[in-house]
Structure formats: structure tokens, C-alpha cells
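Accompanying notes for the structure given below.
The values are calculated or read from the model by the stated rules, or taken from the named source; none is laboratory data. Bear in mind the structure is a predicted one, so any value in this text is a computation, not a measurement. For neighbour counting, all protein chains shown are included, and Cβ atoms are generated from backbone atoms with ideal geometry for every residue, glycine included.
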Amino acid sequence: MSAKDEILGRVRAGVGKDDFAARRAVAEAYLAGRTCGPQPSIGNELAVRFQAKAESLASSVDSVVEADAAPAAVVRYLAAGGLGLQAVISPDLAGLPWAASGLAVAARPAVDADRVGISGCFCAIAETGTLMLLSGAQTPATVSLLPETHIALVPVSRIVATMEDAFALLRTERDRLPRAINFISGPSRTGDIEQTIVLGAHGPCRVHLILIAGA
């Protein structure tokens, strides 16, 4: 045992943190028994509510019937905005027909030179028009954070009502938290200078959402 391990072991023992399994069980029991506080009435039309809230946050929204139609929708958006036909995509989207749509893509983490990033999302939250993204090898966070244009593919079946529902889905589907959870509510913005809102100060200045009805 190294000196570092010995010191940290004494610290853990001193603060009673050796029994991680027991502490986790206590935390999970607390979460399972806790009731949610007051929540707004969202209704059953989650996609309609999500789109309205997203648009109120300066995101643009399009919709397609199936996932294979998403690349063509991306090309239409980029062409209309004069944004070029080249993008970096998260690797989990590599199976879509990008080449057939005329878009040149690279499935990898984004770098500062990339202008367009295309990602999926773990889920979307109707209450606030927010995307929930989980970092991972197939879903690198840089794709949604570095390029000045972020395009997200949002399966309608993955739209939940509230933030509480999003975390409940995460606990149900994942046995552990990812390294990072990112919430995206429209383009990056700041009001630091004379309280004037400026888009794109700390991240993408454009966020375009493509809702996939059949997914």
C-alpha cells in the first residue's frame, strides 16, 4: 500500500465513508420514498409543448417522420442558412444516410475548427424545451458545445414532461451516472454587458432541433 492510499484510507475511516454500499442503499431508499413537489400541468401533447418552449428560447424546430429522413432535413437547414455542407456528428448517429443526403460528416468529438455539430439526446423535457445529453464514447459532449451551430435529433418518444421525469428515466435506464450531464435550452447566451442578451457567447449561437415522429 502506498503512502497516499494509507492516508486516504485513514481519512475515509475517520469520516465513516468505508461502507459505500450501505451509503448508496440509504440514498436510493431516500430517492424511492421521496414524493415530488408541485409540478405544472403539462398535458398530453408533450411534443407540442416542447416545440413551443424550445422556440421561445430561440431554437428553431423542424420535424420528420422517421430517422432516415433527418439527414435531408439537416441539409435543408444548412443550405437555407448558408452554413455549408460539412459537419461533425456524434458516433451514435453514424448509421444514418448522411452521404446520400449530400452532407460530409465526421463521426468524432468536435474541435474548435468545426462549424456544425450534430448530436442526438438522451431525452428532451417538454416543461422547459430543454435537451438532456449524456457524455460518453458514442456521445462526446464537445459535439454540442464547440461548434457555432448545434443540430440535435430528438425522437418524439424520448420527450418527457418534467425534469423529475428526465432523472427518473436516467435512473431506470442507466446503472451509473455518466461523467457529464448537459442540459441545453436554446443557444448559448449572456447578458453580462449592459444586460443586453447576446447569443453564442459561451457556445453555439444557433440550435436547431429536428423532431423524429417515428422514433
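Some values worked out for this structure:
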item: Residue that is surrounded by 14 or more Cβ atoms within 10 Å (Cβ to Cβ) and out of contact with any Ser or Thr (no Cβ under 8 Å at 6 or more places or on another chain), where the choices are Ala79, Ala67, Ala32; result: Ala67
item: Residue check for Ala87: at pLDDT 95 or above, surrounded by 16 or more Cβ atoms within 10 Å (Cβ to Cβ) and more than 19 Å from the chain's Cα centre (by Cα); result: no
item: Strands (runs of 3 or more DSSP E) lying entirely in the range 121-215 (those with 3 or more residues that are in contact with a Cys (Cβ under 6 Å, 6 or more places away or on another chain) and modelled with pLDDT of 90 or more); result: 130-134
item: Test: residue in the range 155-165 that is in contact (Cβ under 8 Å) with a residue 60 or more places away in the chain, in contact with a strand residue (DSSP E or B) (Cβ under 6 Å, 6 or more places away or on another chain) and not β-branched (Val, Ile, Thr); result: yes
